[in-house]
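Undergrad: Please find one structure pasted underneath; my questions will follow.
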Amino acid sequence: MMQRKSKVAALFAAVLMTGSVCARAEESFVDWLLNFQRTKGVKPVADKQYQEECGECHFAYQPGLLPAKSWELILNVEALRKHYGVNAELDKDTLKVIHDYAVENAADKSWYKRSRKIAVATEDGPAPLRITELRYISRKHHDIAEKMIKGNTGVKSLSFCDKCHTQAAQGVYDADTVNIPNYPNWDGWFNKY
Ligand code: HEC
Ligand code: HEC
């Protein structure tokens, strides 16, 4: 008992003596708060080569939108030759950089909130080949009429996240940042009920 008390006292004294520790603790609390806000979504793309090569035909999907096992299937020589109906081949060196970046930042390696959800939902079962096929994602878009997606010249496909999610490039997918092209007055609640 005595021993524990003196340990606590010593710890307390140590904290008091180092005032700078307190200042730093406060600083990191602010950091944590800011981070908490930021880490709600998906980690934004930080690799220049990934951004350039994978942002050519569609916006560069954040690696945190799929688990590593999916990126393994998507980012290899064979698969890229017939990438969803197009040829998206890369030279060997570029492919290695992009593959490693995607795998290292995949949903199951990330602490961002939406990545965590995707990681948990895809833990078991086969690797999904599309973000739009994830139950978590398809469920979120269930109520949007086809005419607003495929029939909408400003969107064309649910795969083009950034057409509606105005902050998709920053990894933010919150419903209140959505703007469906050609449907400026779209209101989720009104359309649902
Ligand atoms: C030559 C054009 C082209 C390039 C370059 C390209 N893609 Fe694609 N990608 C496509 C097309 C076309 C689709 C299918 C879109 C659709 O179904 O509407 C697609 C779909 C995808 C999807 C599935 C999206 C969904 O529906 O959930 C992923 C993931 C993807 N690409 C990742 C990548 C990555 C990573 C790279 C960089 C190595 C890349 N793409 C480079 C053309 C390209
Ligand atoms: C046609 C426009 C459109 C496209 C394209 C689209 N979304 Fe959405 N998304 C929406 C709308 C609208 C909502 C809000 C739905 C609701 O609140 O009922 C939403 C909701 C979401 C949510 C849930 C947001 C929340 O606050 O819980 C996520 C995550 C999301 N989308 C991710 C994606 C991703 C990833 C893609 C691309 C693979 C994508 N979306 C493509 C319109 C779109």
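The values are calculated or read from the model by the stated rules, or taken from the named source; none is laboratory data. Remember, it's a predicted structure, so these values are computed and weren't measured experimentally. FYI the Cβ positions are ideal-geometry reconstructions off the backbone, even for glycines, and counts take in every protein chain you see. Surface areas here come from the heavy atoms of the whole protein model, side chains and all, with no ligands, DNA or RNA. Shrake-Rupley method; radii C 1.70, N 1.55, O 1.52, S 1.80 Å.
Undergrad: I want to confirm something. Restricting to segment 139-174 and keeping residues that are within 24 Å of V103 (Cβ to Cβ) and small (G, A, S), which single residue is nearest to ligand 1 (Cβ to nearest atom)?
TA: That would be S159.
Undergrad: Here is a further query. Would you be able to tell me the number of residues in segment 39-70 that are over 18 Å from D174 (Cβ atoms), part of a loop (DSSP other than H, G, I, E, B) and of a type in the set (A, V, I, L, M)? Outline the logic, then answer.
TA: Restricting attention to segment 39-70, the residues satisfying the condition of being over 18 Å from D174 (Cβ atoms) are 45-58, 60, 63, 66-70.
Next cut, part of a loop (DSSP other than H, G, I, E, B) only: 45-47, 55-58, 60, 66-67.
With the extra rule that they be of a type in the set (A, V, I, L, M), the set shrinks to 45-46, 60, 66.
The total comes to 4.
Undergrad: Examine segment 98-118 for a residue that is more than 17 Å from the chain's Cα centre (by Cα) and of a type in the set (D, E, K, R), and state whether such a residue exists.
TA: Taking every residue of segment 98-118 in turn, none turns out to be more than 17 Å from the chain's Cα centre (by Cα) and of a type in the set (D, E, K, R).
Undergrad: Which of (1) surrounded by fewer than 17 Cβ atoms within 10 Å (Cβ to Cβ); (2) touching a Ser or Thr at 6+ places or on another chain (Cβ under 9 Å); (3) closer than 24 Å to T39 by Cβ is the odd one out, the single condition D108 does not satisfy?
TA: Unmet condition: (1).
Undergrad: Quick one: is L73 in a helix (DSSP H, G or I), open to solvent by 70 Å² or more (accessible area, probe 1.4 Å), hydrophobic (A, V, I, L, M, F, W, C) and more than 9 Å from ligand 2 (Cβ to nearest atom)?
TA: Working: in a helix (DSSP H, G or I): yes; open to solvent by 70 Å² or more (accessible area, probe 1.4 Å): yes; hydrophobic (A, V, I, L, M, F, W, C): yes; more than 9 Å from ligand 2 (Cβ to nearest atom): yes.
Considered against the rule, which asks whether it is in a helix (DSSP H, G or I), open to solvent by 70 Å² or more (accessible area, probe 1.4 Å), hydrophobic (A, V, I, L, M, F, W, C) and more than 9 Å from ligand 2 (Cβ to nearest atom), L73 comes out as yes.
Undergrad: With the structure loaded, tell me whether A60 is assigned by TED's automatic domain parsing to the domain that holds Q49, of a type in the set (A, V, I, L, M, F, W, C), under 17 Å from V45 (Cβ atoms) and in contact with a Leu (Cβ under 7 Å, 6 or more places away or on another chain) or whether it fails that test.
TA: no
Undergrad: Continuing with this model, one more query. Is segment 180-190 home to any residue that is within 13 Å of ligand 1 (Cβ to nearest atom) and buried (at least 16 other Cβ atoms within 10 Å of the Cβ)?
TA: For segment 180-190, residues within 13 Å of ligand 1 (Cβ to nearest atom) and buried (at least 16 other Cβ atoms within 10 Å of the Cβ): absent.
Undergrad: Can you pull out every residue in segment 93-136 that is without any contact (Cβ under 8 Å) to a residue 40 or more places away in the chain, part of a helix (DSSP H, G or I) and within 11 Å of ligand 1 (Cβ to nearest atom)?
TA: L95, H99
Undergrad: Filter segment 116-147 down to the residues that are crowded, with 18+ Cβ neighbours inside 10 Å and touching a Pro at 6+ places or on another chain (Cβ under 9 Å), then identify the one that is farthest from T39 (Cα to Cα).
TA: Selected residue: P128.
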